[in-house]
1. Name the residue farthest towards the positive end of the dipole of the chain from the options L47, F31, G103, assuming +1 on Cβ of Lys and Arg, -1 on Cβ of Asp and Glu, about the Cα centre.
2. How much net charge surrounds D3 when only the other residues with a Cβ under 13 Å from the Cβ of D3 are counted, with Lys and Arg +1 and Asp and Glu -1?
3. Give the calculated FRET efficiency between F49 and T9 to the nearest 0.05, with a Förster radius of 25 Å applied to their Cβ-Cβ distance.
4. Charges at C-beta only: +1 for Lys and Arg, -1 for Asp and Glu. How large is the resulting dipole of the stretch 4-114 about its Cα centre, in Debye rounded to 20?
5. Per 10 Å bin from zero, what fraction in whole % of the C-alpha pairs of the stretch 1-90 is there, up to the bin with the longest pair?
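A short reminder: the numbers here are calculations on the coordinates, not readings from a lab. Keep in mind that this is a model prediction, so the values were computed, not measured. Reconstructed Cβ throughout: ideal geometry from the backbone, glycine too, with neighbour counts over all protein chains shown.
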Amino acid sequence: MPDIAMQLTIESDPETVYTAISTAEGIQGWFTSTAAAGEGVGSLHELEFPGVPGAWGLRVTEAEPGKRLVLAGENGPWTGTEQVYEILARPEGGVTLRFTHGGFPAVDDAYRDFT
């Protein structure tokens, strides 16, 4: 199964980065303008994208503020996939954000359109 893996260096603190990936306001600042996000394990994130019908649901399965967030796809093209965000403080300042999105069944048109 194909995975997406990225790593970014961000000049910010771990708490600010965690807020950006775990809250509706944060997600709306960098990913999509329509988002709802609950807090903590078991909560649901619902994301909408322009021109795409319906909201995509992601269930929080792990939440360690300032360090790690794991989301499981519940509907839409991400059903059955898992997104893992790891936030690592850097000794020289800032953070490294590691992102992995795995569990896609195949590299097909849907994978290409929604990744």
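1. Toward the positive end, the furthest listed residue is G103.
2. That works out to 0.
3. The value I calculate is 0.40.
4. Numbers: 6 positive and 16 negative charges, 34 e Å.
With Lys and Arg at +1 and Asp and Glu at -1, about 160 debye.
5. P(r) for the stretch 1-90, in whole percents per bin: 17, 50, 30, 3.
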